[in-house]
Every structure is written in structure tokens, then in C-alpha cells.
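The values are calculated or read from the model by the stated rules, or taken from the named source; none is laboratory data. All figures in this text were calculated on a predicted structure; none of them were measured in a lab. As a convention, Cβ positions derive from the backbone with ideal geometry for all residues, glycine included, and neighbour counts pool all protein chains shown. Side chains included, ligands, DNA and RNA excluded: accessible areas come from the protein's heavy atoms. Shrake-Rupley method; radii C 1.70, N 1.55, O 1.52, S 1.80 Å.
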Amino acid sequence: MTLLTDLWAHLAQTPLLGIFVTLGCFCAGNWMYQKTNQHPLANPVLFSIITITFILWITKTDYLTYFDGAKYIHFLLGPATVALAVPLYKNLHHVKAALFPIFVTVVLGGLFAIASGVGVAYLLGGSAETLLSLAPKSVTAPVAMGLSDIIGGTPSLTAVLVILSGVTGAVLGGAVLSLVGIKDKKARGIAVGIASHGIGTARKLNVHETAGAFAGLGMGLNALATALLLPLLMLFFT
């Protein structure tokens with residue numbers, strides 16, 4: 001126990017802490033994910049979020065201290081997102097054959113993602129700031145936070161909501177789509193990509209390459225559509 005305490009104290013003085021904790025939790029989560037035959041509830045991202053939060057809380061480690069190292073992994077989100085173009089390129093023939101349905105799905109899906117979050121919060125008596133923070137919840141975090149700031153929301157709250165929507169979609173998205181009888185890999189992929197951005201896309205890539213490719217396409221197009229539609233909606237309703 002003393003050795004572990006000394007090791008933690010040493011790591012806390014360097015950026016290695018964030019890297020060590022993040023990679024350690026994700027590897028443990030991924031091991032559990034594989035052992036449960038990739039069960040959605042054992043999603044490694046969800047496991048990592050819960051475990052890292054618990055570790056920081058129990059050790060009384062400041063988040064900024066943790067992020068001093070985790071930022072190097074955070075930087076890799078950019079290249080990882082760009083890498084989604086590889087499975088998309090491999091499935092380009094599927095995309096070309098469904099351009100109009102994809103366009104309609106992205107526009108309607110993006111609008112529903114905005115309306116559903118804002119509508120539920122409004123019925124529950126949410127404040128105007130909360131409603132505005134919820135509006136871009138289904139868009140990838142950098143875009144969502146930028147939109148939230150522009151329309152008068154709270155970017156930090158939006159970031160939390162984005163993560164929650166992503167994890168929820170990754171864990172429950174497949175079950176919901178199966179429940180309503182949607183079996184086509186392309187349709188399942190683009191639906192999860194629109195609703196659950198990168199976290200949902202990562203889940204679909206584990207399930208099927210075509211589903212993952214369409215999830216990545218849905219994520220990217222929804223970010224673009226929401227960035228264009230949300231400010232217009234704000235002008236219309238204000």
C-alpha cells in the first residue's frame with residue numbers, strides 16, 4: 001500500500017499521471033468489454049469515465065492536475081476523427097447509392113436531436129440557459145461547445161451533456177434500433193452517428209465496418225447541419 005501511495009505521489013508531480021490513469025482505465029474497460037462479448041453496458045468509455053471520476057475523487061486529485069497529462073491523449077482525438085475517413089472511403093459506393101436518403105436523414109435527425117432535448121427540458125421547467133446548452137447536445141464536443149457559446153448556453157454544461165448523449169447512444173442505441181425493427185447496417189450506423197457522435201461511432205466501428213463508416217458520416221454531417229440550422233432556428237424563435 002505504501003508503494004502504491006509513493007507511486008501515486010510521484011506520478012502526481014508529472015504529466016504521467018493523466019496518461020497512466022486514462023490508459024490504465026481504458027485498457028481495463030476494454031478487457032472487460034471483450035470478456036462480456038462486447039456487451040453495450042460494458043462500454044469501455046463509460047467504464048473509464050466512472051472509474052477515472054472515482055479515482056480522482058478518492059485520491060482528492062484536482063482535475064487540472066489529471067488533465068495536465070490527459071491532454072496529450074485528448075490531442076489524439078483530432079487524428080482519430082480524421083481516421084474515420086478510411087472506413088468511409090471503403091464504403092463510398094454505399095454512400096453514393098444513398099445520397100438523398102442520407103441528406104433527409106441528417107436534416108431531420110439533426111432537427112429532432114435539437115427538439116427532443118430542448119422539448120423535454122422545457123416541459124420539466126428548465127431555465128433558458130439550460131435549454132440553450134442542451135440544443136447542440138448531439139454534436140461532437142468541439143462544435144457543440146462553440147455553438148453553445150454563440151447562442152448563449154454554457155459550454156461546460158454542453159460538454160457534459162454531449163458526453164452523456166454519446167455514452168447513452170453507445171450503450172442503448174443498438175437495442176433501441178433493434179426494438180423498432182431497423183436491421184440495415186447503414187441505417188443503424190447513420191442513426192447512431194447523428195444521435196451519439198464520436199462515442200456512438202466508436203461503438204459501431206466495433207460492431208461492423210459499414211455501420212461504423214455511416215456513423216462517422218452521420219456524425220460529421222450532423223455537426224455541419226446543426227452548425228447551420230441552430231443559429232437560424234435561434235433567429236426564428238427569438
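Taking residue 96 as meeting all but one of (1) within 22 Å of residue 185 (Cβ to Cβ); (2) under 22 Å from the mean Cα position of the chain (by Cα), write down the number of the exception.
Here residue 96 meets the rest and fails (2).
Out of the residues in segment 136-154 that are on the phi < 0 side of the Ramachandran plot and over 15 Å from the mean Cα position of the chain (by Cα), which is most open to solvent (accessible area, probe 1.4 Å)?
Just the residues of segment 136-154 that are on the phi < 0 side of the Ramachandran plot, to begin with: 136-151, 153-154.
Imposing the further condition that a residue be over 15 Å from the mean Cα position of the chain (by Cα) reduces the set to 146-151, 153-154.
Working: 146: 33, 147: 12, 148: 0, 149: 104, 150: 128, 151: 23, 153: 13, 154: 35 Å².
If we take residues in segment 136-154 being on the phi < 0 side of the Ramachandran plot and over 15 Å from the mean Cα position of the chain (by Cα), then 150 is most open to solvent (accessible area, probe 1.4 Å).
What pairs come out if I take residues in segment 66-95 that are on the phi < 0 side of the Ramachandran plot and assigned to a helix (DSSP H, G or I) and pair them with residues that are open to solvent by 70 Å² or more (accessible area, probe 1.4 Å) and among the hydrophobic types (A, V, I, L, M, F, W, C) whose C-beta lies under 6 Å away, six or more apart or interchain?
Within 6 Å, the pairs are 69/16.
Okay, residues lined up against (1) exposed (fewer than 13 other Cβ atoms within 10 Å of the Cβ); (2) within 16 Å of residue 196 (Cβ to Cβ); (3) among the small types (Gly, Ala, Ser):
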| position | (1), (2), (3) |
| --- | --- |
| 47 | no, no, no |
| 51 | no, no, no |
| 60 | yes, no, no |
| 73 | no, no, no |
| 87 | no, no, no |
| 107 | no, no, no |
| 113 | no, yes, yes |
| 119 | no, no, yes |
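Need the failing condition index for residue 125 against (1) open to solvent by 60 Å² or more (accessible area, probe 1.4 Å); (2) part of a helix (DSSP H, G or I), just the number.
Every listed condition holds for residue 125 apart from (2).
Does residue 112 satisfy the criteria of being among the hydrophobic types (A, V, I, L, M, F, W, C), within 19 Å of residue 230 (Cα to Cα) and assigned to a helix (DSSP H, G or I)?
Values: among the hydrophobic types (A, V, I, L, M, F, W, C): yes; within 19 Å of residue 230 (Cα to Cα): yes; assigned to a helix (DSSP H, G or I): yes.
Answer is yes for this residue.
Of the residues 203, 188, which single one is buried (at least 20 other Cβ atoms within 10 Å of the Cβ), more than 14 Å from residue 230 (Cβ to Cβ) and free of Cβ contacts under 8 Å to residues at least 40 places away in the same chain? Reasoning before the result, please.
On the way: 203 fails: free of Cβ contacts under 8 Å to residues at least 40 places away in the same chain.
Going through 203, 188 in turn, just one is buried (at least 20 other Cβ atoms within 10 Å of the Cβ), more than 14 Å from residue 230 (Cβ to Cβ) and free of Cβ contacts under 8 Å to residues at least 40 places away in the same chain: 188.
Which one of these does residue 39 not meet: (1) crowded, with 20+ Cβ neighbours inside 10 Å; (2) under 24 Å from residue 194 (Cβ atoms)?
Status for residue 39: all satisfied but (1).
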